Structure formats: C-alpha cells, structure tokens
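Worksheet: one structure, shown below.
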Amino acid sequence: MLFASQPFLVSATHYLTLAAPWVALLALLLSLTACMVMWSLRRRFKRLALGRNGSIEESVSILTRDIKELQTFRVELEKYLKVAELRMRGSLQGLGIIRFNPFSSDAGGNQSFCAAFLDERHSGVVFSTLYTRDRVGVYAKPVENGISTFELTDEERAAIEKAKSAIVEHKRAA
C-alpha cells in the first residue's frame, strides 16, 4: 500500500498508463518520417553521383571536364562569329535602283536605270544603263565609303543614297 499513501504517484501512474500508447505511436511516426527522409536523401545522392562508381569526387570530375569542354566550345564559337561578322560586313547590304529617261522627250519611257550595290561600309559599285532604240550602254563605277573617284550623275547619286537608306533600314530591323 505504498501507492495508497501517496495519491500523487497514483495519479501520475494513471496518466502515464494512458499516455504510453500515444507516446509509442508518436515515436513510430517520427521513426517512419526519419526513414522517409533518409530514403529521399539517398535517392537524391544517387542522382547527384554521376559516375560509374557513384562517388561525389567522380561527379565533380565529370562536371569539371564538361565545363572545360563548354569553355573551349565558347572560345571557338566566338572566333567563328567574329569571322562571320567580318564576312557579313563585306556582303551586299544595300541595293538602290533608280529608273529614268535620259532624254528630254517622252520617247522611250524610263527604260534606263542606275543600280547601286553597297556593303555595310557603303562600298561597292554603281551600274548605269542608257537605253536608246539603237543600242544599250552599260557603265560601272566603283564606290568607296559612299563616293566614287569617277564623276557621278544625279541618278547614280540617288541610287547610292537609296542603297545607303536600305542599309540603315536593314540595321534598324535587326
């Protein structure tokens, strides 16, 4: 009758008896949660380990090698793009065509024309054709930086300006 003389111990024992299954259930839930977390971490670790052996060191080695390959590829790509850009600057960028009648009469119509073909630096060539009933004359004049060492007609200048405008419009669109 040790417990009868101490009512505090009787009530504590009663509460512990009631709480024991709940404490056991809580411990079971915590252990299951810990197992799930451990399983998830193990799965994530296996995904992280890329190599044959599944070690982090091998994964880091593989990733380092891949980064070096990407850096080498980037350097090669930059060189290629510089060369391509230089080639593009020398390609035909602007075209200007002006049709006209070189004669004061209305006979023949606007059969003659000037065509300017320029690159990005406004260099290229301007072609002129003069159409008559008897013959057609074709003339070419070099153009450097938008001007020619040969004397240009008003129509040829207009064709060059039209080609320059086409280059500017092309740059805006890009």
Please determine, in degrees from 0 to 90 and to the nearest 10, the orientation of helix 7-48 with respect to the longest principal axis defined by the Cα atoms of the chain, where the helix direction is its Cα long axis.
-> 30
Quick one: net charge around Ile147, please, counting Lys, Arg +1 and Asp, Glu -1 for every other residue with C-beta under 14 Å from its C-beta.
-> 0
Taking only DSSP H segments of four or more residues, each worth -39500 (n - 2.57), what value at 222 nm results for the chain once the sum is divided by all its residues, to the nearest 500 deg cm²/dmol?
-> -20000 deg cm²/dmol
Among Ala84, Trp22, Val126, flag the residue with its Cα farthest along the positive direction of the charge dipole of the chain, charges on Cβ as +1 for Lys/Arg and -1 for Asp/Glu.
-> Trp22
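If the only charges are +1 at each Lys and Arg Cβ and -1 at each Asp and Glu Cβ, what is the size of the charge dipole of region 77-147 around the Cα centre, to the nearest 20 debye?
140
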Tilt of helix 56-89 relative to the longest C-alpha principal axis of the chain, in degrees (0 to 90, nearest 10)?
-> 10
Rounded to the nearest 20 Debye, what is the dipole magnitude of the chain about its Cα centre when Lys and Arg each give +1 and Asp and Glu each give -1 at the C-beta?
-> 880
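Go ahead and run the numbers for FRET between Ile67 and Arg133, Cβ-Cβ distance against an R0 of 45 Å, rounding to 0.05.
In this case the efficiency is close to 0.05.
Here, each number is a calculation from the coordinates, and none is a lab measurement. As the structure is a prediction and not an experimental result, all values here were calculated from the model. Glycine also receives a Cβ, built like all others from the backbone with ideal geometry; neighbour counts cover every protein chain displayed.
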